[in-house]
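Peer 1: Structure below; questions to follow.
The values are calculated or read from the model by the stated rules, or taken from the named source; none is laboratory data. All figures in this text were calculated on a predicted structure; none of them were measured in a lab. Glycine gets a Cβ as well: all are built from the backbone with ideal geometry, and neighbour counts include every protein chain shown. Heavy atoms of the whole protein, side chains included, go into the accessibility calculation; ligands, DNA and RNA do not. Shrake-Rupley method; radii C 1.70, N 1.55, O 1.52, S 1.80 Å.
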Amino acid sequence: MIRRTIPHLDLAQIAASGQCFTWGRGAAGSWTIPAGERLVTACQRGEELTFSCDMAEFDAFWAGYFDLDTDYGALKASVDPADRYLTAAVAHGGGIRILRQDFWEVLVSFLISQNNNITRITRSMALLRERYGKSTGGFRAFPRPEGLAGVSEADFRDVGLGYRAKYLTWLSRELAGGGLEALERTLSDAGDEEAERTLMGLYGVGKKVADCVCLFGLHRTDFFPVDTHIRQVLDRHYPGGFPRERYRGGLGILQQYMFYYDLKQ
């Protein structure tokens with residue numbers, strides 16, 4: 001167990017921000033956070049956080065997962081004070097960070113997020129892990145493509161995927177046996193536009209899902225996914241267009257503040 005003082009990080013805000021669907025709420029305000037084959041329990045009181053791991057593991061993995069090398073304070077300070085909506089959104093959800101999540105888990109979660117809500121996505125992701133994940137370290141890790149390639153579309157429907165089941169059936173079989181690693185290599189070498197096009201070439205992946213995967217699964221923070229919430233925000237507060245050029249490098253982070261703020265209104 002270690003303790004760290006970390007500004008600009010709020011676990012509850014991150015859990016509700018719509019970027020991750022695998023965290024679990026524990027006793028006394030704790031959070032159980034799986035990431036690949038790792039698991040940590042985290043508790044927070046203000047800027048003081050405790051983690052159920054040692055310092056070596058935290059420095060090697062969890063510091064990166066929580067994106068601690070990014071200066072969120074500087075980005076928030078750069079917001080135009082005349083922009084009353086964005087200023088309020090930053091003040092309301094300024095503890096959100098863009099996690100460095102596992103690419104495959106993000107791809108699956110946003111594939112099944114279409115016309116869905118956070119509660120149902122979270123439940124489906126948990127059922128996939130419980131039914132098909134490999135037992136490791138006292139919990140089940142999220143299954144890799146090989147672990148899902150033999151699952152039928154009907155069984156995917158049984159975990160609440162609905163019409164999205166056919167997308168995951170295709171994707172799992174397509175990316176098993178080295179396909180996932182090949183896709184990740186392609187994306188790592190691609191520019192933003194090419195990465196988006198590559199993802200949109202996958203069955204069931206449209207622009208919004210591709211942009212979410214680029215932001216949350218590849219940590220490309222200039223992607224600015226536009227869903228119903230963000231479209232309404234832009235129409236109401238930025239009819240002339242959002243000032244993207246001013247905030248290059250952190251557009252996706254600001255999108256999360258805006259999404260969370262609109263969600264909680």
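Peer 1: What number in nm² do you get for the range 208-265 if you take the convex hull of its Cα atoms and divide its surface by four?
Peer 2: So the Cα hull casts an average projection of 3.8 nm².
Peer 1: Okay, next question. I want to verify the translational diffusion coefficient of the range 153-228 in µm²/s; compute it with Stokes-Einstein, Rh as the Kirkwood radius over Cα pairs, at 20 °C and 1.002 mPa s.
Peer 2: Once the numbers are plugged in, D ends up at 161 µm²/s.
Peer 1: Next question, about the same structure. With 14 Å as the cut-off, how large is the P(r) tail for the range 53-114, expressed as percent of Cα-Cα pairs?
Peer 2: 69
Peer 1: Another question, if that's okay. Using Cα centres only, tell me the gap between the range 1-38 and the range 201-265 in whole Å.
Peer 2: 22
Peer 1: So, counting K/R as plus one and D/E as minus one, what does the shell of residues with Cβ under 13 Å around residue 50 add up to?
Peer 2: 0
Peer 1: For the chain, what is the calculated [θ] at 222 nm in deg cm²/dmol (nearest 500), taking -39500 (n - 2.57) for each run of four or more DSSP H residues and dividing by its residue count? Could the numbers behind the result be given before it?
Peer 2: On the way: 13 runs with 120 residues, N = 265.
Counting only the DSSP helices, I get -13000 deg cm²/dmol.
Peer 1: If you don't mind, there's one more thing I want to ask. In nm², what is the average projected area of the convex hull enclosing the Cα atoms of the range 105-181? It would help to have the intermediate numbers written out before the result.
Peer 2: Details: hull surface 19.7 nm².
One quarter of the hull surface, i.e. the mean projection, equals 4.9 nm².
Peer 1: Taking the Cα centroid of the range 138-183 and of the range 94-112, what is the distance between the two, rounded to the nearest whole Å?
Peer 2: 17
Peer 1: Using a 1.4 angstrom probe on heavy atoms only, work out the carbon and sulfur share of the accessible area of the chain in %.
Peer 2: Using a 1.4 Å probe with all protein chains present, the chain comes out at 48 percent carbon and sulfur.
Peer 1: Cα atoms only, the range 11-78: Rg and Dmax in Å?
Peer 2: That works out to 12.6, 37 Å for Rg and Dmax.
Peer 1: Provide the three semi-axes, in whole Å and in decreasing order, of the ellipsoid equivalent to the range 139-265 as defined by the square roots of 5 times the Cα gyration tensor eigenvalues.
Peer 2: 31, 19, 12
Peer 1: Just read off the accessible area of residue 205 with the full protein assembly in place, 1.4 Å probe, to the nearest 10 Å².
Peer 2: Result for residue 205: roughly 10 Å² accessible.
Peer 1: Let me ask another. In straight Cα distance, which lysines are under 24 Å from residue 134, not counting same-chain residues fewer than 8 positions off?
Peer 2: Here the lysines satisfying the reach criterion relative to residue 134 are 166.
Peer 1: Continuing with the same structure: What residue among 239, 145, 34 shows peak mean-square fluctuation when the chain is described by a Gaussian network model with Cα springs under 10 Å?
Peer 2: 239
Peer 1: Let me ask you something else. Working from the pairwise distances between different alpha carbons, so that the mean of 1/r is found and then inverted, what is the range 1-151's Kirkwood radius in Å?
Peer 2: Evaluated over the range 1-151, this radius sits at 16.8 Å.
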